[in-house]
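A.B. asks: Input: one structure, supplied below.
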Amino acid sequence: MILLFKIYAFIFGAMIGSFLNVLILRLPTNEKFFIDRSRCPKCGFQLKWFHNIPILSFIGLRGKCANCKTNISFQYPVIELLTATISLFLFGGEISLHGLTSYLFFFTVACCLLVHFVIDVRHQILPDVINVYLGIIFFIHVVFFYHWKHWVLGGLIGFLVPYLITYLFYKIKGVIGLGGGDIKLFGVLGIYLGPLGIIHNMLFSCILGSLLMMPLLLFKVIKRDQAIAFGPFIIIVAVIQIYFPSTFEMMLGALLF
Ligand SMILES: [Zn+2]
């Protein structure tokens, strides 16, 4: 019985993943994504229902549009498979109100972070819609599970600290450090992570960012003044904090001692 529900969780995840692909494609260009979500981006060919089955259609079509044979981006099956796998792992098999709401909360958060991650890597944007949505989901959760000080202080610190640093940086050096989307994401994550958690996130995302950027700068893969998406670092650290809290505690311990 549990196995059957796990299969459902996987299929459900794959279907949501296929919707996330649409969001990833359309959000940065502000297209209306609810209409006309099933056309070949190259030739405009209207996909049939059987061209729209997550993961399987990509395999069936061998990665090519049924009409014009243009290669379909690998992003589609990868996001679908990833979302399906995340859904499978987050679904604990517990069929109860608590089990299902907890699954839906963590799965929705994961979807938002995944969309944010891919869009930021590709376009250096963290869309406001996703930040707002994530903020609402977090808010509903923390109101039930945390003292108000946790989320009020977390949200304020998450927003104000990076905002002030960016402002001072701009006043002194005349360059914009963090983008508005990063600052909003810190604020939104602060609601869930709380004051200490969001400070930890800032610390670790900066460390992670520098660790990855230094070799890239050194080997001149990127230029010194080139704008780099910072969102992915915030998201990687947040994922560890939200989904692997004990691992994060160990990382924190290793850093402090
Ligand atoms: Zn086509």
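The values are calculated or read from the model by the stated rules, or taken from the named source; none is laboratory data. What you are looking at is a predicted structure, and each value in this text was computed from that prediction instead of being measured. Heads up, the Cβs are rebuilt from the backbone with ideal geometry, glycines too, and the neighbour counts pull from every protein chain shown. Calculation scope for accessible area: heavy atoms of the full protein, side chains included, ligands and nucleic acids excluded. Shrake-Rupley method; radii C 1.70, N 1.55, O 1.52, S 1.80 Å.
A.B. asks: Count of lysine pairs in the chain with Cα atoms under 27 Å apart, counting only pairs 8 or more residues apart in sequence or on different chains?
C.D. replies: 16
A.B. asks: What shape does the chain take by its C-alpha gyration tensor, where a ≥ b ≥ c are the square roots of the eigenvalues and a/c under 1.5 counts as rounded, a/b above b/c as prolate, and the rest as oblate?
C.D. replies: Working: a/c = 1.94, a/b = 1.29, b/c = 1.51.
Oblate shape, in that a/c is at least 1.5 and b/c is the bigger or equal ratio.
A.B. asks: Which order, highest average first, do 175-182, 116-123, 209-216 follow once you tally other Cβ atoms within 10 Å for each residue and take the mean per peptide? Present the calculation step by step, with values, prior to reporting the outcome.
C.D. replies: On the way: 175-182: 16.2, 116-123: 18.9, 209-216: 12.5.
Most protected by this proxy first, the peptides run 116-123, 175-182, 209-216.
A.B. asks: What's the center-to-center distance, using Cα atoms, between the stretch 39-79 and the stretch 186-249 in Å?
C.D. replies: Going from one Cα centre to the other spans 34 Å.
A.B. asks: Counting only protein heavy atoms, what percent of the accessible surface of the stretch 1-141 is carbon or sulfur at a 1.4 Å probe?
C.D. replies: Working: 5730 of 8150 Å².
For the stretch 1-141, the apolar C and S fraction of the accessible surface comes to 70 percent.
A.B. asks: Okay, moving on. So who's got an amide H within less than 5 Å of the one on Lys64, skipping anything under 5 residues away but keeping other chains? H placed 1.01 Å off N, in plane.
C.D. replies: Long-range HN contacts for Lys64: Ile72.
A.B. asks: With charges set only on the Cβ (+1 for Lys and Arg, -1 for Asp and Glu), what does the dipole of the chain come to about its Cα centre, in debye to the nearest 20? Walk me through the numbers on the way to the answer.
C.D. replies: Values: 18 positive and 9 negative charges, 177 e Å.
Roughly 860 debye, rounded to the nearest 20.
A.B. asks: Tell me the Rg and the Dmax, in Å, that the Cα atoms of the stretch 1-121 produce.
C.D. replies: Cα only, the stretch 1-121: 15.4, 48 Å (Rg, Dmax).
A.B. asks: Quick check for you: with a 1.4 Å probe and neighbouring chains kept, what is the accessible area per residue of the chain, in Å²? Mind showing how you got there, number by number?
C.D. replies: Numbers: 15340 Å² over 257 residues.
Result: 60 Å² per residue.
A.B. asks: What are the DSSP H helices in the chain that stretch 30 Å or more along their long axis, judged by alpha-carbon atoms, and whose average Kyte-Doolittle hydropathy comes to at least -0.5? Let's see the in-between values first.
C.D. replies: On the way: long enough: 2-26 (36 Å, 1.90); 97-123 (38 Å, 1.36); 148-173 (37 Å, 0.86); 180-218 (36 Å, 1.52).
Helices meeting the span and hydropathy rule in the chain are 2-26, 97-123, 148-173, 180-218.
A.B. asks: I'd like the distance between the alpha-carbon centres of the stretch 96-135 and the stretch 1-28, rounded to an integer number of Å.
C.D. replies: 13 Å
A.B. asks: Right, something else. Which value in deg cm²/dmol, rounded to the nearest 500, describes the helix-derived mean residue ellipticity at 222 nm for the chain, given -39,500 (n - 2.57) per DSSP H run of n ≥ 4 and division by the residue count? Spell out each step's value before the answer.
C.D. replies: On the way: 9 runs with 181 residues, N = 257.
Theoretical 222 nm ellipticity from helices: -24500 deg cm²/dmol.
A.B. asks: Which of Met213, Leu168, Ser87 sits closest to the plus end of the dipole of the chain, meaning its Cα is farthest towards the positive end, when Lys and Arg get +1 and Asp and Glu get -1 on the C-beta?
C.D. replies: Met213
A.B. asks: Placing +1 at every Lys and Arg Cβ and -1 at every Asp and Glu Cβ, with all other atoms neutral, what dipole size does the stretch 124-257 have around its Cα centre, in debye to the nearest 20?
C.D. replies: Working: 7 positive and 4 negative charges, 75 e Å.
Once rounded to the nearest 20, the dipole reads 360 debye.
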